[in-house]
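A quick write-up on the structure given underneath.
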Ligand code: FES
């Protein structure tokens with residue numbers, strides 16, 4: 001058995017995460033052939049087989065495996081958790097982690113509420129109420145204002161918009177603490193207002 005660490009995670013395709021593994025002592029790994037699988041022991045009694053994704057070489061310095069992100073799967077969760085633990089001491093802006101669903105610990109803000117609030121679009125000055133079950137992304141889209149979006153879960157960063165006035169209640173897993181403290185950016189799909197009003201640079 002080889003002790004390994006999760007050295008990186010990223011999106012390979014929708015619902016599939018590419019996980020990079022390296023030997024924990026930094027040594028080279030045994031070579032493999034095309035189509036080979038490896039067994040990963042992810043925890044006590046939790047062993048899963050994954051196909052190796054790289055071009056075979058004699059003594060690779062990493063293995064990469066594709067992990068399907070079934071929400072019910074416990075395999076992907078230990079790997080993401082291992083990566084988060086391994087990168088805890090690294091400044092957040094130097095760590096790349098894409099979750100495929102929001103981290104409930106981050107998104108469920110115990111102090112947050114789903115109170116209605118008003119947004120003003122700075123471009124036209126128009127104001128709209130965002131109800132407790134609504135989000136701030138639909139308003140600009142309904143008015144033919146382009147705002148990028150993708151995950152609709154606060155995990156990709158696509159719906160980043162400048163907040164010109166008001167205080168945001170962040171419910172994403174993307175913004176760093178420094179960006180949250182700066183208070184001038186919001187991910188409009190998932191995040192809300194802490195007060196009664198936000199002015200967005202749209
Ligand atoms: S759409 Fe992905 S973070 Fe907003």
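A few points about this structure:
- Inter-probe distance in nm under a simple model that places probes 7 Å from Cα toward Cβ, at residue 176 and residue 54: 2.9 nm
- Residue ranges 37-49, 143-155, 185-197, 162-174 sort as 185-197, 162-174, 143-155, 37-49 when ordered by packing (mean number of other C-beta atoms within 10 Å per residue, highest first).
- Measuring between their Cα centroids, region 1-63 and region 139-190 lie 34 Å from each other.
- For residue 141 and residue 33, a Förster radius of 45 Å and the Cβ-Cβ distance give a FRET efficiency of 0.40, rounded to the nearest 0.05.
- For region 1-64, the spread of Cα positions along each principal axis, largest first, Å: 31, 29, 20
- Prolate/oblate/rounded call for region 106-200, Cα gyration tensor, a/c under 1.5 rounded: rounded
- On full extension, the segment bounded by residue 46 and residue 16 gains 8.8 nm, given 0.36 nm per residue less the C-alpha separation.
Taken together, the values in this text are just the output of simple stated rules run on the coordinates, not laboratory data. Everything quoted here is computed from the prediction, not taken from an experiment. We place every Cβ from the backbone using ideal geometry, glycine too, and count neighbours over all the protein chains shown.
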